[in-house]
């Protein structure tokens, strides 16, 4: 699979070119256009695994598997929100990805919600995380730009949960409230994650939760009734 990122950083699109017979797994709704590609929609990994991914991971129950019909086949992918796209080449690696950021992957990448750390994030702000493991390309998206942070051994770094895109699975982390309860409520930060290196974090420069908190009070209400 060869990938090309277009229209970065605000309205990024990924064009994935496939060899004949090559497959790519794509989250529902991410396909913009395709050429010489067949598609199969199924509950990836079986009924139970798909239910976990949907209920616990916040992803769609069904995923689409696209298969190239020639050596010139391609598919164009885009996220729901304006922002950037990053293509990662996993080499027998594990990466924890915020569910809303997962967009597509090579067929050999396992996308799983069945890991103990998911409960830690769920207990914070209802943030759903996926564990992506294996070898191949993983395509993730962000709301806003993607900022990479490399942490040395023992180095700590605090991130608002709404800005997480992905991080190395082997990193140590702790989900906690922002300061005391007064700071959590009045400060507008909610829960944060305290990471300890070594490892790499990928952050998004905008937060869906913050946008909704601004948007919803500004939507005109129907006062005619």
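The values are calculated or read from the model by the stated rules, or taken from the named source; none is laboratory data. This is a predicted model, so every value here is computed, not measured. Cβ sites come from the backbone with ideal geometry, for glycine too, and all protein chains shown count toward neighbours.
Values computed for the structure shown
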item	result
Any hit, region 36-59, residues being surrounded by 13 or more Cβ atoms within 10 Å (Cβ to Cβ) and at pLDDT 95 or above	yes
Among (1) within 17 Å of the chain's Cα centre (by Cα); (2) at pLDDT 50 or above; (3) buried (at least 20 other Cβ atoms within 10 Å of the Cβ) - the single one residue 73 does not satisfy	(1)
Verdict on residue 162 being within 14 Å of residue 201 (Cα to Cα) and modelled with pLDDT under 90	yes
Every residue from region 8-24 that is under 19 Å from the mean Cα position of the chain (by Cα), surrounded by fewer than 16 Cβ atoms within 10 Å (Cβ to Cβ) and not in a strand (DSSP E or B)	8, 9, 10
Number of positions in region 165-197 that are assigned to a loop (DSSP other than H, G, I, E, B) and modelled with pLDDT under 75	7
Only one of 204, 155 that is modelled with pLDDT of 90 or more and touching a helix residue (DSSP H, G or I) at 6+ places or on another chain (Cβ under 7 Å)	204
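Per-residue answers, yes or no, for (1) surrounded by fewer than 19 Cβ atoms within 10 Å (Cβ to Cβ); (2) assigned to a loop (DSSP other than H, G, I, E, B); (3) at pLDDT below 95:
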site	(1), (2), (3)
92	yes, no, no
104	no, no, no
122	yes, no, yes
135	yes, no, no
140	no, no, no
